[in-house]
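J.: Input: one structure, supplied below.
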Amino acid sequence: MALIVQKYGGTSVGSVERIKDVAQRVAKFKMLGHQVVVVVSAMSGETNRLIALAREIQQSPDPRELDVLVSTGEQVTIALLSMALKDLGLRAKSYTGAQVRILTDDAFTKARILGIDEERIRADLEAGRVVVVAGFQGVDERGNITTLGRGGSDTTGVALAAALHADECQIYTDVDGVYTTDPRIVPEARRLKTVTFEEMLEMASLGSKVLQIRSVEFAGKYKVKLRVLSSFEEGGEGTLITFEEDDKMEQAVISGIAFNRDEAKITVQGVPDRPGIAYQILGPIAEGNVDVDMIIQNVGADGTTDFTFTVHRNEYQRALDILARVEAQIGARKVSGDTRICKVSVVGVGMRSHVGIASSMFRTLADEGINIQMISTSEIKISVVLDEKYLELAVRILHKAFKLEEEPQAV
Ligand code: ADP
Ligand code: ASP
Ligand code: MG
């Protein structure tokens, strides 16, 4: 007998039929004698619908009230799934995040989980119940409803698996695993049987929305056995996130390509080239709670330099407003921005022992006449910022250039 946490995403619970199907799937695991905790997302499209409603009233919705609003999506699906389970003759009970007590900080719309009271869940499991928990939501110390950021149900699933010391956390979605890149963009993309935790962390942080980055962080911290599977197919093995680097012969140099169209670029031109200038620009941005991703500072000329960085598009205007306030003080000639950018990254632990990946990447892009605006590298990834219009082309040609559709060969 094992304790399994299963998470079902929006499309997996997108209709009453789908919810009944999930109930059948859960019932099978229960019949095998396993204890099952199920985490569900809102029905597909529901979170977007609720956010759009809020925006009809407030351009930038009040974050506390937005969390009260969007958390309702998951409250609907926990109740419906519990009913479907009971209809199959199983014992089941639903809980919102606050009822479990998934305690978070008070950063509305992007709260972090601080702790989980797992006793009630454990008691229900002992009593033979399936426990159904609302994903994406928690409660702060003062009882305010919070949410964990888009895609946050993944994190609820993995955090519960960690708290309960579950044998496995299964993330059921509309694809049958983690692919070399988003199969919607590259139909030839190949499912990975395994992916290392480090690679998954990079892919998630660089835009592969198949897992929310915080869920991968949790899995790493608590060594949760994590698998991504399809809720539409039977019997697949999905993709297992592994913690040891595969020393198999067929280890690929590049595991995947991630991309992101959620960022915007800001350039501060003609700032005095002196100590402290980066801090003067980025200090106020950080104080404004805007996360900065890539940063480039040019070589100075004539005592001045240019400074470029990227932020999330949702925070672009806020970052520009902050800079407008401090611009005169910094002594910048001009602040400009561009939201029509994208970031494309190649990821692979094999890069550590292979040279020439960056030059292959740059040559492939150059051959198609794609201009690179920014570059950033780490040990296991290379990211480039491009004009947004090149996103799909760049991902496709890189996928081909690195032969990702083929099973890696023995080396
Ligand atoms: P859910 O609603 O189940 O949480 P998501 O839409 O959040 O599902 O995540 C699944 C989607 O992630 C897939 O439909 C796919 O388009 C996208 N995706 C992006 N990158 C990848 C990748 N490398 N492998 C698999 N899916 C990916
Ligand atoms: N319903 C939330 C969202 O759409 C959380 C999730 O699906 O993981 O972002
Ligand atoms: Mg998701």
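The values are calculated or read from the model by the stated rules, or taken from the named source; none is laboratory data. Everything quoted here is computed from the prediction, not taken from an experiment. Virtual Cβ from ideal backbone geometry, glycine too; neighbours counted across all protein chains shown.
J.: Name the single residue, out of those in region 210-222 being in contact with a strand residue (DSSP E or B) (Cβ under 9 Å, 6 or more places away or on another chain) and within 11 Å of ligand 3 (Cβ to nearest atom), that is farthest from residue 159 (Cα to Cα).
T.: Taking region 210-222 as the starting set, the residues that turn out to be in contact with a strand residue (DSSP E or B) (Cβ under 9 Å, 6 or more places away or on another chain) are 210-211, 214-216, 218-220.
This time we only want the ones that are within 11 Å of ligand 3 (Cβ to nearest atom), so: 210-211, 215.
On the way: 210: 17, 211: 13, 215: 7 Å.
Residue satisfying both the conditions and the ranking: 210.
J.: Could you list all residues from region 286-297 that are surrounded by 14 or more Cβ atoms within 10 Å (Cβ to Cβ) and more than 23 Å from the chain's Cα centre (by Cα)?
T.: Of everything in region 286-297, those that are surrounded by 14 or more Cβ atoms within 10 Å (Cβ to Cβ) and more than 23 Å from the chain's Cα centre (by Cα) turn out to be 296, 297.
J.: Then there's this: Restricting to region 378-404, name every residue that is surrounded by 15 or more Cβ atoms within 10 Å (Cβ to Cβ), within 21 Å of the chain's Cα centre (by Cα) and among the hydroxyl-bearing types (Ser, Thr, Tyr).
T.: Residue satisfying the conditions is 383 alone.
J.: Sticking with this structure for a sec: Answer yes or no as to whether residue 254 is within 16 Å of ligand 1 (Cβ to nearest atom) and part of a loop (DSSP other than H, G, I, E, B). Show your work before the answer.
T.: Numbers: within 16 Å of ligand 1 (Cβ to nearest atom): yes; part of a loop (DSSP other than H, G, I, E, B): yes.
Against the criterion (within 16 Å of ligand 1 (Cβ to nearest atom) and part of a loop (DSSP other than H, G, I, E, B)), residue 254 qualifies.
J.: Could you give every pair whose Cβ atoms fall below 9 Å, whose first residue belongs to region 125-150 and is touching a residue at least 24 places away in the same chain (Cβ under 8 Å) and farther than 22 Å from residue 37 by Cα, and whose second residue is aliphatic (A, V, I, L, M) and away from ligand 2 (no atom under 13 Å from the Cβ), counting only separations of at least 6 or pairs across chains?
T.: Correct list of pairs: 140/103; 140/107; 140/114; 141/103; 141/114; 143/98; 144/68.
J.: For region 150-175, which residues satisfy the criterion of being part of a helix (DSSP H, G or I) and either within 15 Å of ligand 1 (Cβ to nearest atom) or closer than 23 Å to residue 45 by Cβ (or both)?
T.: First, the residues of region 150-175 that are part of a helix (DSSP H, G or I): 153-163.
The answer is 153, 154, 155, 156, 157, 158.
J.: Quick check on my filter: what residues within region 376-391 are within 19 Å of residue 255 (Cα to Cα) and either part of a strand (DSSP E or B) or of a type outside the set (A, V, I, L, M) (or both)? So that I can check it myself, show each step before the final result.
T.: Let us first name the residues in region 376-391 that are within 19 Å of residue 255 (Cα to Cα), namely 376-384, 391.
Of everything in region 376-391, those that are within 19 Å of residue 255 (Cα to Cα) and either part of a strand (DSSP E or B) or of a type outside the set (A, V, I, L, M) (or both) turn out to be 376, 377, 378, 379, 381, 382, 383, 384.
J.: Related question: Which residues, counting only those in region 296-342, are in contact with a Lys or Arg (Cβ under 7 Å, 6 or more places away or on another chain) and charged (D, E, K, R)?
T.: Within region 296-342, just 338 meets the criteria.
J.: In contact with a strand residue (DSSP E or B) (Cβ under 9 Å, 6 or more places away or on another chain), outside any loop (DSSP other than H, G, I, E, B) and surrounded by fewer than 23 Cβ atoms within 10 Å (Cβ to Cβ): which single residue out of 138, 115, 128 fits that description?
T.: Just one listed residue meets the conditions, 115.
J.: The conditions are (1) within 25 Å of the chain's Cα centre (by Cα); (2) more than 30 Å from residue 192 (Cα to Cα); (3) surrounded by fewer than 21 Cβ atoms within 10 Å (Cβ to Cβ); (4) small (Gly, Ala, Ser), and residue 300 fails exactly one of them. Which is it?
T.: So the condition that residue 300 fails would be (1).
J.: Residue check: is residue 6 closer than 15 Å to residue 82 by Cα and touching a Leu at 6+ places or on another chain (Cβ under 8 Å)? Full working, then the answer.
T.: Values: closer than 15 Å to residue 82 by Cα: yes; touching a Leu at 6+ places or on another chain (Cβ under 8 Å): no.
When the stated conditions are applied, residue 6 does not pass them.
J.: Out of the residues in region 141-177 that are within 30 Å of residue 392 (Cβ to Cβ) and away from ligand 2 (no atom under 16 Å from the Cβ), which is surrounded by the most Cβ atoms within 10 Å (Cβ to Cβ)?
T.: It comes out as 177.
J.: If you don't mind, another one. Given the options 319, 258, 264, name the one that is at pLDDT 95 or above, within 20 Å of residue 347 (Cα to Cα), surrounded by 14 or more Cβ atoms within 10 Å (Cβ to Cβ) and in contact with a strand residue (DSSP E or B) (Cβ under 8 Å, 6 or more places away or on another chain). Spell out how you get there, then give the answer.
T.: Values: 319 fails: within 20 Å of residue 347 (Cα to Cα); 264 fails: within 20 Å of residue 347 (Cα to Cα).
So the residue among 319, 258, 264 that is at pLDDT 95 or above, within 20 Å of residue 347 (Cα to Cα), surrounded by 14 or more Cβ atoms within 10 Å (Cβ to Cβ) and in contact with a strand residue (DSSP E or B) (Cβ under 8 Å, 6 or more places away or on another chain) is 258.
J.: Within region 338-372, which residues are within 25 Å of the chain's Cα centre (by Cα), closer than 24 Å to residue 305 by Cβ and surrounded by fewer than 18 Cβ atoms within 10 Å (Cβ to Cβ)?
T.: Within region 338-372, 338, 339, 372 qualify.
J.: Still on this structure, I have one more. May I ask you to list pairs of residues, at least six apart or on different chains, whose Cβ atoms are under 8 Å apart, with the first in region 57-72 being free of Cβ contacts under 8 Å to residues at least 12 places away in the same chain and closer than 24 Å to residue 44 by Cβ and the second being part of a helix (DSSP H, G or I) and within 16 Å of ligand 1 (Cβ to nearest atom)?
T.: 61/51
J.: For region 176-209, which residues satisfy the criterion of being more than 9 Å from ligand 1 (Cβ to nearest atom), polar (S, T, N, Q) and not in a strand (DSSP E or B)?
T.: 205
J.: For residue 50, are the conditions met, namely being within 16 Å of ligand 1 (Cβ to nearest atom), buried (at least 17 other Cβ atoms within 10 Å of the Cβ), within 21 Å of residue 133 (Cβ to Cβ) and under 22 Å from the mean Cα position of the chain (by Cα)?
T.: Judged against the criteria, residue 50 is a match.
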